[in-house]
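K.L.:
Please find one structure pasted underneath; my questions will follow.
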């Protein structure tokens with residue numbers, strides 16, 4: 001076995017694992033941001049039909065679309081830029097529950 005093969009083997013396996021981890025991080029970050037956008041759309045839809053916002057931070061920003069966009073999209077983009085994707089898994093799970101709750105409530109209130 002040559003010196004290049006001894007060095008190249010471990011380096012190539014590290015690079016393959018790194019690429020796989022980067023893909024998983026990208027998927028997790030995109031899921032996080034997609035759920036934030038869905039939550040923003042559902043919040044705007046509910047506010048348009050006159051339903052009250054239960055989140056006190058969002059309730060204070062309901063008067064301006066820009067404030068809502070900052071809280072629901074700009075800040076999450078900054079978070080996903082600095083935080084590794086695997087650290088976003090609890091936030092993704094929480095957002096899934098919030099979006100599910102919002103969809104359930106909108107369906108219940110619509111009928």
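K.L.:
For region 46-65, enumerate the residues that are free of Cβ contacts under 8 Å to residues at least 24 places away in the same chain, touching a helix residue (DSSP H, G or I) at 6+ places or on another chain (Cβ under 7 Å) and either more than 18 Å from residue 98 (Cα to Cα) or not in a helix (DSSP H, G or I) (or both).
P.N.:
53, 61, 62
K.L.:
To continue, here is another question. When the residues of region 66-84 are narrowed to those that are closer than 14 Å to residue 40 by Cα and touching a residue at least 12 places away in the same chain (Cβ under 8 Å), which ends up surrounded by the fewest Cβ atoms within 10 Å (Cβ to Cβ)?
P.N.:
Looking at residues that are closer than 14 Å to residue 40 by Cα and touching a residue at least 12 places away in the same chain (Cβ under 8 Å), I get 77.
K.L.:
Taking into account only those residues within region 23-32 that are in contact with a helix residue (DSSP H, G or I) (Cβ under 9 Å, 6 or more places away or on another chain) and loosely packed, with under 15 Cβ neighbours inside 10 Å, which is farthest from residue 79 (Cα to Cα)?
P.N.:
Only one residue fits best here, namely 24.
K.L.:
Mind counting the residues in region 58-76 that are over 18 Å from the mean Cα position of the chain (by Cα) and under 21 Å from residue 106 (Cβ atoms)?
P.N.:
Selection size over region 58-76: 4.
K.L.:
If you check residue 17 against the conditions, is it at pLDDT below 90, within 19 Å of residue 87 (Cβ to Cβ), part of a helix (DSSP H, G or I) and within 20 Å of the chain's Cα centre (by Cα)?
P.N.:
Judged against the criteria, residue 17 is not a match.
K.L.:
Go through the residues of region 67-83 one by one and say whether even a single one is at pLDDT 80 or above and outside any helix (DSSP H, G or I).
P.N.:
yes
K.L.:
To continue, here is another question. Give the residues of region 85-110 that are modelled with pLDDT under 90, surrounded by 12 or more Cβ atoms within 10 Å (Cβ to Cβ) and more than 25 Å from residue 47 (Cβ to Cβ), sorted by residue number.
P.N.:
85
K.L.:
Among the residues of region 78-94, is any within 25 Å of residue 109 (Cα to Cα) and touching a helix residue (DSSP H, G or I) at 6+ places or on another chain (Cβ under 8 Å)?
P.N.:
Scanning region 78-94 turns up no residue that is within 25 Å of residue 109 (Cα to Cα) and touching a helix residue (DSSP H, G or I) at 6+ places or on another chain (Cβ under 8 Å).
K.L.:
In this structure, does residue 45 turn out to be within 19 Å of residue 91 (Cβ to Cβ), surrounded by 12 or more Cβ atoms within 10 Å (Cβ to Cβ) and either at pLDDT 80 or above or touching a strand residue (DSSP E or B) at 6+ places or on another chain (Cβ under 9 Å) (or both)?
P.N.:
Spelling it out, it is not the case that residue 45 is within 19 Å of residue 91 (Cβ to Cβ), surrounded by 12 or more Cβ atoms within 10 Å (Cβ to Cβ) and either at pLDDT 80 or above or touching a strand residue (DSSP E or B) at 6+ places or on another chain (Cβ under 9 Å) (or both).
K.L.:
Going by the structure shown, is residue 107 assigned to a helix (DSSP H, G or I) and over 11 Å from the mean Cα position of the chain (by Cα)?
P.N.:
Against the criterion (assigned to a helix (DSSP H, G or I) and over 11 Å from the mean Cα position of the chain (by Cα)), residue 107 qualifies.
The values are calculated or read from the model by the stated rules, or taken from the named source; none is laboratory data. This one's a predicted model, so the numbers in the text were calculated from it and none came from an experiment. FYI the Cβ positions are ideal-geometry reconstructions off the backbone, even for glycines, and counts take in every protein chain you see.
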